[in-house]
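Every read-out reported here was derived from the displayed coordinates using simple, explicitly stated rules and does not represent laboratory data. As the structure is a computational prediction, the values presented were derived from the model and not from experiment. A quick note on method: Cβ atoms are made from the backbone with ideal geometry, for glycine too, and the neighbour counts reach across all protein chains shown.
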Amino acid sequence: MTGTVVYEFLDPWLIWAFRSSDNPYVGFAIGLFWASVVATIIGELCIAGVYFLNRKHFADLNKNMVSHHNLSIKALRLKDKVSWKACNSIANEAFGKNFFSHIALFASSLWIVPFIIGWMSYRFTDVEFIVPFIGEVGPAFVFLPAYILFRVLFAKAKPWIPFFKFIQRKIKENEGEEDMMSYMDLAKKEDAPKVSAPQPESS
């Protein structure tokens, strides 16, 4: 009963796109595109909401990772093996925590996907989805590739969308201005021309 209520709530927001063309194939393609847009936008807003609710936690993780990584690079430059090992160990641990925290953050954007797949099953119960060489498939088989493709394209376009660009700027401000150094920075430092000190003129 609860699922039906949810699907009936989603119905007017989604079904109009599937009916936007007299050609059923075109209408279905437009509907898939719109469902992917809805799932992606809601997911991205959830990511932003969860991040900013836990902004101090994410800022501490990132600053700890970047600062200790940079310290390890500087210790390597000074040939201080003991400091390098200590800082690198802490940086690796912080990287692991940061990595899995962001996986959990991304997972918070996926909750809407099962509801859209469920709505498609509810709305297109009598429709057979036939794929050549495979046969009849369910709505998930049709929706998920479209959703994944749109999510990838959206990730590339996001830096140019004003609202999401604003969110990214706020995240950058929250996580600090220190940039992560690379081993190439170490190589550049070593390859830099040495400037000899000026010699006093002989009288």
Verdict on Leu76 being in a helix (DSSP H, G or I) and within 23 Å of Phe164 (Cα to Cα): no
Residue in region 37-51 that is farthest from Glu173 (Cα to Cα), counting only those that are surrounded by 14 or more Cβ atoms within 10 Å (Cβ to Cβ) and of a type outside the set (Val, Ile, Thr): Ala39
Selection from region 143-181 of residues that are in contact (Cβ under 8 Å) with a residue 40 or more places away in the chain and not in a helix (DSSP H, G or I): Glu175, Gly176, Glu178, Asp179, Met180, Met181
Residues located in region 113-129, provided they are free of Cβ contacts under 8 Å to residues at least 24 places away in the same chain and either within 16 Å of Ala146 (Cα to Cα) or part of a helix (DSSP H, G or I) (or both): Pro114, Ser121, Phe129
Whichever residue in region 143-165 is in contact with a helix residue (DSSP H, G or I) (Cβ under 7 Å, 6 or more places away or on another chain) and basic (Lys, Arg) and, among such residues, is farthest from Ala29 (Cα to Cα): Lys165
Residue among Leu110, Leu61, Leu105 that alone is aliphatic (A, V, I, L, M) and either in contact with a Leu (Cβ under 8 Å, 6 or more places away or on another chain) or in a loop (DSSP other than H, G, I, E, B) (or both): Leu110
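This table checks each residue for (1) out of contact with any helix residue (DSSP H, G or I) (no Cβ under 6 Å at 6 or more places or on another chain); (2) polar (S, T, N, Q); (3) free of Cβ contacts under 8 Å to residues at least 12 places away in the same chain.
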residue: Pro12; (1), (2), (3): yes, no, yes
residue: Phe18; (1), (2), (3): no, no, no
residue: Pro24; (1), (2), (3): yes, no, yes
residue: Glu44; (1), (2), (3): yes, no, no
Members of region 17-32 found to be part of a helix (DSSP H, G or I) and surrounded by fewer than 13 Cβ atoms within 10 Å (Cβ to Cβ), listed by number: Pro24, Tyr25, Val26
Within region 60-94, tally of residues that are over 14 Å from Met181 (Cβ atoms) and either without any contact (Cβ under 8 Å) to a residue 60 or more places away in the chain or surrounded by fewer than 15 Cβ atoms within 10 Å (Cβ to Cβ) (or both): 15
